[in-house]
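Q: There's a structure below that I have some questions on.
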Amino acid sequence: MWIYFLHEKSEAFTMFKRYKACVEKETGACLKCLRTDRGGEFNSNEFEEFCKENGITRQLTTAYTPQQNGVAERKNRTAMNLVRCILTDKQVPQVFWPEAVRWCMHVLNRSPTLAVQHSTPEEAWSGMKPTVEYFRVFGCLAHVHVPDQRRIKLDDKSILCVLLGVSDESKAYRLFDPVSKKIIVSRDVVFEETKGWNWDMSREEIISDVLEWGDPEEEIDGAQNAQKLGTEDNENEEASSTGELRTDANENEEAFFKGMNEAGPSGTYAHSSMTHEVNPSVSGRVR
């Protein structure tokens with residue numbers, strides 16, 4: 001089962017030509033019949049001319065009678081039910097519905113079905129039995145390894161992403177980085193299939209959550225200890241400054257009285273760039 005995504009219904013003809021070339025190249029057979037509804041995208045003049053030139057028989061359902069093309073309609077319903085379930089399971093935003101549809105088709109093509117007895121559609125088409133060992137839960141958390149060439153010494157060795165399926169071109173997983181908003185293709189991944197991403201977080205909350213280190217209680221205790229140490233340092237500095245001022249005052253006082261004793265009952269002496277006169281008539285007083 002193949003699936004193509006269209007921006008507009010007018011792209012249906014281009015996608016059909018791409019599909020025709022692909023299946024004819026893989027099988028070596030020619031497409032002989034095409035059954036569709038009566039939608040305008042399938043009834044254009046260029047579509048009809050192309051089918052006539054390549055000998056493709058057209059089968060159109062009666063208007064408003066989708067049961068005439070019941071196989072395709074039932075497959076569409078099955079696929080959309082699966083998409084709704086896997087998006088709801090991990091609370092993945094609906095904007096990722098194309099990725100979910102692609103993953104559902106990948107799983108259905110490798111699952112048993114009544115249409116192909118004792119086999120799977122992929123095995124019947126390619127002739128090789130597919131493996132399902134790489135299947136993981138859609139939308140689960142994935143730790144993607146960062147190559148040595150894309151990080152420096154102290155950078156994280158992995159980033160947290162969300163699984164969106166597998167790559168069509170490589171043997172690797174297709175993942176979404178919620179922080180950088182980019183698609184990443186990688187095979188070095190460790191999954192946490194029971195956990196999903198919290199899509200309600202804003203970009204700022206995501207970045208702050210990634211940068212948080214350690215236990216929040218330890219961070220609070222560390223901040224309180226730092227504040228306490230800072231307060232003690234300030235008190236020590238104030239006490240040290242007061243002690244120096246008191247020491248200077250004591251030295252000045254001692255020098256002053258020492259000078260008085262040296263000058264005798266009358267005279268002058270100099271200290272600290274100031275001149276003091278002693279009056280012998282006034283005992284014990286200095287002016």
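Taken together, the values in this text are just the output of simple stated rules run on the coordinates, not laboratory data. Everything quoted here is computed from the prediction, not taken from an experiment. For neighbour counting, all protein chains shown are included, and Cβ atoms are generated from backbone atoms with ideal geometry for every residue, glycine included.
Q: Report relative contact order for region 140-211 in percent, whole number only (criteria: Cα-Cα under 8 Å, sequence separation at least 6).
A: Details: 106 pairs, mean separation 23.3, N = 72.
RCO, region 140-211: 32 percent.
Q: Search the structure for amide H atoms under 5 Å from the amide H of Ile184, placed 1.01 Å from N in the peptide plane, and list their residues when 5 or more places away or on another chain.
A: Leu175, Phe176, Asp177
Q: May I pose another question? Pop out the ³J(HN,Hα) list for region 37-44 in order, Karplus 6.51 cos²θ - 1.76 cosθ + 1.60 with θ = phi - 60°, rounded to Hz; leave Gly and Pro as x.
A: 3J(HN,Hα) across region 37-44, in whole Hz: 7, 9, x, x, 5, 9, 10, 5.
Q: In terms of Cα to Cα distance under 28 Å, which lysines are near enough to Lys25, apart from those fewer than 8 places away along the same chain?
A: Correct list for Lys25: Lys9, Lys17, Lys52, Lys75, Lys129, Lys171.
Q: Extension gain Ser10-Arg38, at 0.36 nm per residue separation less the Cα-Cα distance, in nm? Walk me through the intermediate numbers first.
A: Details: separation 28, 0.36 × 28 = 10.08 nm, distance 1.41 nm.
Residue separation times 0.36 nm, minus the Cα-Cα distance, leaves 8.7 nm.
Q: Taking the Cα centre of region 113-176 as the origin, how large is its charge dipole in debye, to the nearest 20, when only Lys and Arg (+1) and Asp and Glu (-1) carry charge on their Cβ atoms?
A: Details: 8 positive and 8 negative charges, 53 e Å.
For this selection, approximately 260 debye.
Q: In region 1-51, which trypsin sites (Lys or Arg not before Pro) are in a loop and have at most 13 other Cβ atoms within 10 Å, using DSSP for the loop call? Show your work: numbers first, answer last.
A: On the way: sites: Lys9, Lys17, Arg18, Lys20, Lys25, Lys32, Arg35, Arg38; in loops: Lys32, Arg38.
Passing both the DSSP loop test and the Cβ count: Lys32, Arg38.
Q: Once you put a point 7 Å from the Cα of Val71 and another 7 Å from the Cα of Gln91, both along the Cβ direction, what distance in nm separates them?
A: Distance between the two pseudo-spin positions: 4.2 nm.
Q: Once phi is turned into θ = phi - 60°, what whole-Hz ³J(HN,Hα) does the Karplus curve with 6.51, -1.76 and 1.60 give for every residue of region 8-22, x standing for Gly and Pro?
A: 9, 5, 5, 7, 4, 5, 5, 5, 5, 5, 5, 5, 4, 5, 5
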